[in-house]
Amino acid sequence: MGASFIKKNGLIYSQDLHVIYGLDSSAVFTGRVPYGVHEIQEEAFADADFISVSLPDSVKKIGAGVFGNCKSLQKVKLPSELKELSPYLFAGCSSLKAITMPTNLQKFSEGLFFSCSSLEEIEYPISITTWNANVFYGSTGIKKLRITGEGNMQTYTSSNQPWNQIRGQI
């Protein structure tokens, strides 16, 4: 990889340790990204075999498909200040069950939860203003959407009248 990369704690970083480019196959990644990382490049963790991952609040940018096809991934903690989740971020994460969403999230990008068949419930902030195409396409297990924010909470399930209207938007 040359002198422009650093391998540490199962990850491949930029020289200043602010950017993650991928996983270091010669070491074990614990699922915990250290504070100080600002960016995770496209598909950095794609096809990886870990059960949970925690991203610190220092992360401000996550590339498309970062967790793509992580079939064992069940739980994700995202940075609290992210405003947008990249396209196909969790596509193919068939075991994904729990996500801690950013509090000021504004956008769900295309294919965000594409084929996340184990995902049954999504809790997201009321601050979301943009839903792109196919956010939940192939995520057949979703039964509940919970909208939170500013002391309000609304829950939509398949037994609520507005459910079909919401499902039509996603």
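The values are calculated or read from the model by the stated rules, or taken from the named source; none is laboratory data. This structure is a prediction, so every number in the text was calculated from the model and none was measured. Counting neighbours? That spans all protein chains shown, and the Cβs are built from the backbone with ideal geometry, glycine included. To get the accessible areas, we keep the full protein, side chains included, count just its heavy atoms, and leave off ligands, DNA and RNA. Shrake-Rupley method; radii C 1.70, N 1.55, O 1.52, S 1.80 Å.
Just a few scattered comments:
- Rolling a 1.4 Å probe across all protein chains gives Lys97 an accessible area of roughly 130 Å².
- Percent carbon-and-sulfur accessible area, the range 17-141, ignoring ligands, DNA and RNA, probe 1.4 Å: 47 percent
- Surface calculation, 1.4 Å probe, protein heavy atoms: Glu84 sits at approximately 90 Å² accessible.
- Computed label-point distance, nm, for sites Lys60 and Tyr35 using a 7 Å Cα→Cβ extension: 1.7 nm
- Among Ile122, Ile6, the sequence by solvent-accessible area, most first, with a 1.4 Å probe is Ile6, Ile122.
- Using just its DSSP H runs of length 4 or more, each adding -39500 (n - 2.57), the chain gives a mean residue ellipticity at 222 nm of -1000 deg cm²/dmol after division by all residues.
- Between the labelled values (1) 10.7; (2) 9.4; (3) 15.4, the entry that holds mean projected area of the Cα convex hull in nm² as derived from this structure is (2).
- Residues Thr30, Thr100, sorted by accessible area with the largest first, give Thr30, Thr100 [1.4 Å probe; ligands and nucleic acids excluded].
- The chain, accessible area per residue, ligands and nucleic acids excluded (1.4 Å, Å²): 51 Å²
- Accessible surface of Glu123 - all protein chains present, 1.4 Å probe, nearest 10 Å²: 80 Å²
- Each DSSP beta bridge with both residues in the chain is either parallel or antiparallel, and the antiparallel ones are about 40%.
- Of all beta bridges that DSSP places with both ends in the range 8-84, some 35 percent have antiparallel geometry.
- Computed about its Cα centre, the charge dipole of the chain is approximately 320 debye, with only Lys, Arg, Asp and Glu carrying charge at their Cβ.
- Ranked from largest to smallest solvent-accessible area, with a 1.4 Å probe on the protein heavy atoms, Lys107, Lys60 come out as Lys60, Lys107.
- Listed values for the range 111-122 are Karplus-derived 3J(HN,Hα) couplings in whole Hz (6.51 cos²θ - 1.76 cosθ + 1.60, θ = phi - 60°), namely x, 3, 10, 4, 6, 8, 5, 8, 6, 9, 9, 10, and x replaces Gly and Pro.
- Amide hydrogen neighbours beyond the local backbone of Arg32, cut-off 5 Å, H modeled: Ser54
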